[in-house]
Amino acid sequence: LTAAAFALRFYKINQPDQVVFDEVHFGKFASYYISRQYYFDVHPPFAKLLFGLAGWFVGFDGHFTFENIGDSYSDNHVPYVGMRALPAILGSLTIPVVYAIMKETGYSTLIAAFSAIIVLFDNAHVAQSRLILLDATLMFFMSLTIYSYVRFRKLRYWEFSVEWWSWLIATGFFMACTWGSKVNGILTVVTIGVAVLIDLWDILDHKKGHTMLFWKHFMARAIGLIVVPVIIYLSFFYVHFAVLTHSGSGDTFMSPAFQETLIGNELLLNSQELRYYDTVTLMHKDTKVFLHSHVERYPLTYEDGRVSSQGQQVTGYGHEDSNNNWQIIPTKALPETGPGRIVRHEDLIQLLHVNTQSFLLTHDVASPLMPTNQEFTTWPKDNHSRFNDTLFYLNLVDGNEGDAWKSKSSHFRLVHAPTRVSMWTHSKQLPDWAFKQQEINGNKNPTEKSATWFVDSIISQEGGYRVDPAEVPLEPSVKEPKKMSFFKKFAELQLLMLQHNAGLTASHPYASSPINWPFLLSGISFWTENDTQKQIYLIGNVVGWWTCIISLSIFIGIIGADLLARRRGLTPLTEPTRNRLWNSAGFFVVIWAVHYLPFFVMSRQLFIHHYLPSHIASALVAGAVLSFILSDTVNYPISIAGRSTRRRPEELADLGVQGPVVVGVFAILMFVMFLYMSPLTYGTPGLDGETVNQKRLLSSWTLHFAAKTNAEVIP
């Protein structure tokens, strides 16, 4: 099985010699590790660190940045085969782990082989394991986590022995590797958590005599399955930050304080303290528009009948323009020179629009697009009748008393002194009367996170006031990166990962609903080549996937029938068989459900490859169900007996003659279907339109290069 897995996953691994699907992301991240440039991604770094290590090991220098699907590896001398070999190795080793899980849970060699064959000959698993993608790493460590936990549970009569501790800590270690490979690896953590809670509930049963040891068991599991995984998970990020020390594409996602820890970052190099009477441009952090004003005024009435102040328009504008220039005006007496002229956190300031010589103002008039928010306008400089309405507090994000306001690096909120609204903008455009620029308004939440701005550039300094050269520090041409604690970096990145993962809601032509996945109703086009009509289409082996979903249905039926029979006082199943169904197959069903059902409540983009961990679990269920169907007995007991364990009579599963026949026929069907679909898995050879139509087993599959069929005309 293992040899066959390696053969199938390494076959023509050099084809295609082009960037395929999400290699455009994960190959790029590997190149960033080698060049040590900081990047941002929604997934934890462990699997990507392995790709970076594999790339470095085979001589990749990081020069190729995987910009577009279809870019040539050969033309750019990228050692891509070595990088693809990593997931191929892990994907191949998943097969013997699946086999070992079944053997350790008490199933016969034939049944273990049956479950392994479902994954071995699955086109989706093979296609996913031959490319620079995260899923092979995720599934390998998920399988090892399950295997280790099974080994740990089998030693429950040898609690606190060296071997017991070893498998407990191994479970925690592999669980952290799963969690660290991809964000949905957290589902494996939840799976083990559910199993441990059931285990502890069982230990709490005073009839079994474990009650006195409950807290000892609890603390042991807390160490092995909480403390150890957290330390391992944190270590991935520690290495991640230690490697990525240079400025890169991910800088702008991070806070200014984080960015200033990176070598060559723009904020570190160009950040300057701001002084009163400096003329600056202000940019919104999220939408990247400048605070802008022009002589045109708001219309007297809007389309919904509301009335404006007819004041000068204040808008968000996405391009450089002299109408973006604002001068920082003090509201207190200043010394002629010295640090007293520096603008600081919580200073009360005015902003003067340079071109129209008017102060920024907001008041209790509804904004054009949002009646609940305040209108922003300006007021003539020489008219002091509304002085209070032009006053704003400068609140630096994470600022402390006395902190200086800096260009580039200081994110801030501008909070109106009288009304406590914060200056805010959003992406919706104003009508033609405002030249379709963005609306600026007052958000009634003074701490609104999206009301964050920064000074993009200093147009002129001090408005002609003298700066004493002795008070301007002589800074070296190369600034040393600043320091930031690991835990602050970690917390900031974790929060951003969660926010951006939840924000992946844009439509995608190959996105699909979770309800479709077990039935293989749709796949994903990974790669196409028009000249040769080659394509890689991620789709599973129909024989295996439908066998798994049928097996899940049968399991639910068996459990339901057993519960109903016992309710009526009948015992159709022997105790060992029932225990095997509940404790073994039931555990596999929990793995399947926990890795599958949460996707129904997710609003982000979803694809069929998100189901692959659940598919492995369903292959385990399929083996358990086949064993139940073929044999009235089970291999029992399988746990390792302790010194004082009461011995039970041994029992062996007898699959009879039909066992090898069923598994043999199933293996042949799986292999034949795998071969039939292999041109879509390996991307070679190219297929003509008629052949593509033949490979399209379900009408919902969206294959490329299909021949057009003439619709029948019914007279």
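The values are calculated or read from the model by the stated rules, or taken from the named source; none is laboratory data. All of these numbers come straight from a predicted model, not from anything done at the bench. All accessible areas refer to the heavy atoms of the entire protein, side chains included, with ligands and DNA or RNA removed. Shrake-Rupley method; radii C 1.70, N 1.55, O 1.52, S 1.80 Å.
Mean residue ellipticity at 222 nm, helices only, the chain: -12500 deg cm²/dmol; runs of at least 4 DSSP H residues each add -39,500 (n - 2.57), and the sum is divided by the number of residues. The heavy atoms of TYR510 offer some 40 square angstrom of accessible surface to a 1.4 angstrom probe.
The overall shape of segment 493-552 is oblate: from the C-alpha gyration tensor, with semi-axes ordered a ≥ b ≥ c, the ratio a/c is 1.5 or greater and a/b is no larger than b/c. Within the full protein context, the accessible area of GLU273 is estimated at about 80 Å² for a probe radius of 1.4 Å. Phi angles across segment 312-325 convert, under the Karplus curve 6.51 cos²θ - 1.76 cosθ + 1.60 with θ = phi - 60°, into 3J(HN,Hα) values of 5, 5, 10, 9, x, 10, x, 10, 5, 6, 5, 6, 8, 8 Hz, Gly and Pro given as x. 3J(HN,Hα) along segment 554-560: 5, 4, 4, x, 5, 5, x Hz, from the Karplus curve 6.51 cos²θ - 1.76 cosθ + 1.60 with θ = phi - 60°, whole Hz, x for Gly and Pro. Accessible area per residue for the chain is 45 Å², calculated with a 1.4 Å probe on protein heavy atoms, without ligands, DNA or RNA. Residue pairs exceeding 28 angstrom between C-alpha atoms, taken from LYS182/LYS489; LYS285/LYS482; LYS408/LYS444; LYS182/LYS216; LYS332/LYS483; LYS406/LYS489: LYS182/LYS216; LYS332/LYS483. Expressed as an acute angle from 0 to 90° and rounded to the nearest 10, what is the orientation of the C-alpha long axis of helix 109-120 relative to the principal long axis of the chain? For helix 109-120, the angle is close to 30 degrees. In vacuo Debye scattering of the chain, one point per C-alpha: log10 I(q)/I(0) at q = 0.10 Å⁻¹? Listed by q, the Debye log ratios stand at -1.04. Could you tell me what percent of the accessible area of segment 164-301 is made up of carbon and sulfur, with a 1.4 Å probe and every protein chain present? The nonpolar share, carbon plus sulfur, comes to 71 percent.
In order along segment 60-68, the Karplus-derived 3J(HN,Hα) couplings, from 6.51 cos²θ - 1.76 cosθ + 1.60 at θ = phi - 60°, round to 6, 9, x, 6, 8, 10, 6, 5, 9 Hz, and Gly and Pro are given as x.
Of all beta bridges that DSSP places with both ends in the chain, some 95 percent have antiparallel geometry.
The H on the amide N of TYR73, modeled in the peptide plane, is under 5 Å from the matching H of GLN18, VAL19, each at least 5 residues off or on a different chain. Going by accessible surface with a 1.4 Å probe and the largest first, ARG36, ARG130, ARG604 read ARG36, ARG604, ARG130. Ligands, DNA and RNA left out, the accessible area of segment 497-551 computed with a 1.4 Å probe is 60% carbon and sulfur. The angle separating the long axis of helix 658-682 from the principal Cα axis of greatest extent in the chain is about 30 degrees. Find the centroid of the Cα atoms in segment 1-62 and in segment 392-455, then give the distance between the two in whole Å. Segment 1-62 and segment 392-455 have Cα centres separated by 41 Å. The angle separating the long axis of helix 586-596 from the principal Cα axis of greatest extent in the chain is about 30 degrees.
Rg over Rh for segment 77-182 works out to 1.05, both radii taken from alpha-carbon positions and Rh defined as the Kirkwood radius.
Note that segment 270-462 carries a Kirkwood radius of 16.6 Å, evaluated over its alpha carbons pair by pair. In terms of overall dimensions, segment 147-190 has a Cα radius of gyration and Dmax of 11.5, 35 angstrom. The solvent-accessible area of LYS381, taken with every protein chain present and a 1.4 Å probe, is close to 80 Å².
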